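J.: Dumping the structure here so I can ask a few things about it.
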There are 2 protein chains.
Amino acid sequence: MFDKILRYVESVEKEAIPQLSVNCVILGFHEKALHVVVNRISLDSVHLMVLPGGYVYQKEDLVVAMERIVKESTGLEKILFKQFAVFGKASRSFNREFTKSRVFKSKADKGVLDWFSKRFVSVCYLALVDYSKIELRPTQFMDGAQWLPVNKLKELAMDHSDIVKSACESLRKEMPYTPIASNLLPSKFTLPELQALVESILGRQIDRPNFRRKILKTGMITKIGSDTSNKRRPADLYAFKHGRKTSLIEEYRFGF
Amino acid sequence: MFDKILRYVESVEKEAIPQLSVNCVILGFHEKALHVVVNRISLDSVHLMVLPGGYVYQKEDLVVAMERIVKESTGLEKILFKQFAVFGKASRSFNREFTKSRVFKSKADKGVLDWFSKRFVSVCYLALVDYSKIELRPTQFMDGAQWLPVNKLKELAMDHSDIVKSACESLRKEMPYTPIASNLLPSKFTLPELQALVESILGRQIDRPNFRRKILKTGMITKIGSDTSNKRRPADLYAFKHGRKTSLIEEYRFGF
DNA sequence: TAAAATTTGAGTCATTTTGACTCAAAACTA
DNA sequence: TAGTTTTGAGTCAAAATGACTCAAATTTTA
């Protein structure tokens, strides 16, 4: 069991930059809450919750590695992303996860222990995707990715919980400058939906009439029809004027 | 000549994370312009202009490596810094600098060529320092660091010019949220001095009376006396209320 | 030595933006 | 049909903004 993984890891390592990894905080918006894609690694009865990530191949651009990793987990290409942090403490390895587990203790051979003790520097990206367009894919040695709401996030392995926190911080900071939301919503949406998204990113409530006034004045969205609705009074439908973005460009300024 | 360098590099490499480097964009403010610290590597008659940088040792935190590099070039500790980008294209090496130079072509042995062809992923930090407190130090194999104004920057080696540009972009974005300036100015300064700094970061002029009004309303600075002056009407002296910062915390909000 | 020029500090004012509201319309509920 | 919920539209006082003018303090120059 461990042998198989170890052989796989070692074969990948040969073509990759050693001790360097990419981790992706893939964020989507669902039921009025930000969600993040988390993978579960199962080794016998031990389960590690980790962010999607991996090595960077020698002949692969860093960004291409990131896009490959996002595609592996979500199937999506041409996503909006941002490099927001690098985690690189000297003590940064899976060693703690390894040694605190009895299963690892008993069954592990030296090779696995070595790999789990290896120091990694991780370049972290956040990726914003349309929740409704995703079909999560199990990847090799991962028994299924899943969406978890970021605010009620369980403990992830190593420092991956910190990475998610840092990603949300970064998103919140970027918010006032960019039409970020266009990548987290379906192409057609209502103002209340957009407001719920902005509120969940900023982490605070916004007065509804004021939100409407401000967001419309930026000129970043256009009304494209009515209705769709389900409950109560039908809401107007809007779309971002320039569609989805794949890079963060300062175009509009607004602050809440 | 090359042998000596090669032996040095190889000895460092053994204790360091391979193919990973840290580069620092050390910024200071002088004569109404942002300046950046640049090192000159001389190998025979070939001169490379590069940003201060280096390896990360296996037992060294990433941030500690960055601080070590800044200290090597400027002598300063406890500086304000920010990780702002990672440069990691697959083609990223000094190979071009190597092959385009006749001196390298004729004299180089295989070891040097190999090192210069090695792909590096560089984690980039910007560091904000008080220009007046710096004494630039020559480091090993570097014949002297120097301050260069960022807007009339000559071509640096590899992609280091792009790194500087990216750093300035990042600084401009951070500006409205943080008392950044406190680390780029002497502890006592006049409002016109502060304004010149802010203008050089934002890259545009600001109305003087309006600047005064806004900056005072944030409450981040206090008047601590008069005069010092040199020319014309003496200006009031100010200091940042909470001194210098070593981390970027959102405390004040203002936008120009 | 007085007038001019330069730099800094202080103030005005119309316009815009903001934040906290109310109110009505359109649907569903019961 | 009355009540509830959700969305869209509007009001209004206070604050912020941008474009100004003007006076004070100093040096320059004539």
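The values are calculated or read from the model by the stated rules, or taken from the named source; none is laboratory data. As the structure is a computational prediction, the values presented were derived from the model and not from experiment. Methodologically, a virtual Cβ is constructed for each residue, glycine included, from the backbone with ideal geometry; neighbour enumeration extends over all protein chains shown. Ligands, DNA and RNA are excluded from the accessible area calculation, which covers all protein heavy atoms including side chains. Shrake-Rupley method; radii C 1.70, N 1.55, O 1.52, S 1.80 Å.
J.: Please list, or write none, the lysines whose alpha carbon is within less than 23 Å of the alpha carbon of A:Lys231, excluding same-chain residues fewer than 8 places away.
T.: Candidates past the 8-residue exclusion: A:Lys32, A:Lys188, A:Lys223.
J.: Please work out the FRET efficiency for the pair B:Lys118 and B:Arg232, using the Cβ-Cβ distance as r and a Förster radius of 60 Å; give the result to the nearest 0.05.
T.: 0.60
J.: Further question on the same structure: Between chains B and A, what is the buried accessible area in Å², counting both sides, with a 1.4 Å probe and ligands, DNA and RNA left out, to the nearest 100?
T.: Working: alone 13860 and 13870 Å², together 25520 Å².
Using a 1.4 Å probe on protein heavy atoms, the buried area is about 2200 Å².
J.: Based on the alpha-carbon gyration tensor of the range A:178-240 and its eigenvalue square roots a ≥ b ≥ c, which shape applies: rounded if a/c is under 1.5, prolate if not and a/b is larger than b/c, or oblate?
T.: Rounded.
J.: Over chain A, what relative contact order in percent results from Cα pairs under 8 Å that are six or more residues apart?
T.: The normalised contact order for chain A reaches 23 percent.
J.: Hey, can you list the residues from the range A:84-102 whose accessible area shrinks by 40 Å² or more with all protein chains present, relative to the chain by itself (probe 1.4 Å, no ligands or nucleic acids)?
T.: Listed in order, they are A:Val86, A:Ala90.
J.: At a cut-off of 30 Å², which residues of the range B:52-78 become less accessible once all protein chains are present than in their chain alone, using a 1.4 Å probe?
T.: Correct list: B:Gln58, B:Asp61, B:Leu62.
J.: If you put +1 on each Lys and Arg Cβ and -1 on each Asp and Glu Cβ, how big is the dipole of chain A around its Cα centre, in Debye rounded to 20?
T.: Using only the charged Cβ atoms, the result is roughly 800 debye.
J.: Further, regarding this structure: Out of the GluC sites (Glu not before Pro) in the range A:126-219, which ones are loop residues according to DSSP with at most 14 other C-beta atoms within 10 Å? Provide the component values of the computation, followed by the final result.
T.: On the way: sites: A:Glu135, A:Glu155, A:Glu169, A:Glu174, A:Glu193, A:Glu199; in loops: A:Glu135, A:Glu155.
When the GluC sites (Glu not before Pro) of the range A:126-219 are filtered for loop state and at most 14 Cβ neighbours within 10 Å, A:Glu135, A:Glu155 remain.
J.: Filter the GluC sites (Glu not before Pro) in the range B:72-103 to those in DSSP coil with at most 16 other Cβ atoms within 10 Å of their Cβ, and list the result.
T.: Sites meeting the loop and neighbour criteria: B:Glu77.
J.: Quick check on the protein assembly as shown: take the gyration tensor over C-alpha atoms, sort the square-rooted eigenvalues as a ≥ b ≥ c, and tell me if it's rounded (a/c under 1.5), prolate or oblate.
T.: oblate
J.: Ok, one more. If a/c stays under 1.5 just call it rounded; otherwise compare a/b with b/c (prolate if a/b is bigger, oblate if not). Do that for the range B:2-174, with a ≥ b ≥ c from the square roots of the Cα gyration tensor eigenvalues.
T.: Numbers: a/c = 1.64, a/b = 1.43, b/c = 1.14.
Prolate, because a/c is 1.5 or more and a/b exceeds b/c.
J.: Can you tell me the orientation of helix B:62-74 relative to chain B, as the angle in degrees between its alpha-carbon axis and the longest Cα principal axis, to the nearest 10?
T.: Once rounded, one gets 80 degrees.
J.: Put a dot 7 Å past each Cα toward the Cβ at A:Glu15 and B:Ile224; how far apart are the dots in nm?
T.: 5.9
J.: Using the structure shown, list the pairs from B:Lys71/B:Lys100; B:Lys173/B:Lys241; B:Lys14/B:Lys154; B:Lys89/B:Lys154 with a Cα-Cα distance above 27 Å, or answer none.
T.: B:Lys71/B:Lys100; B:Lys14/B:Lys154
J.: If the chain between B:Arg96 and B:Glu155 were fully stretched, how many nm would it gain, using 0.36 nm times the residue separation less the Cα-Cα distance?
T.: Between B:Arg96 and B:Glu155, full extension yields 19.9 nm more.
J.: Which residue fluctuates the most in chain B, going by a Gaussian network model with Cα springs under 10 Å, if the choices are B:Arg232, B:Arg212, B:Arg92?
T.: Looking only at B:Arg232, B:Arg212, B:Arg92, the largest GNM fluctuation is found for B:Arg232.
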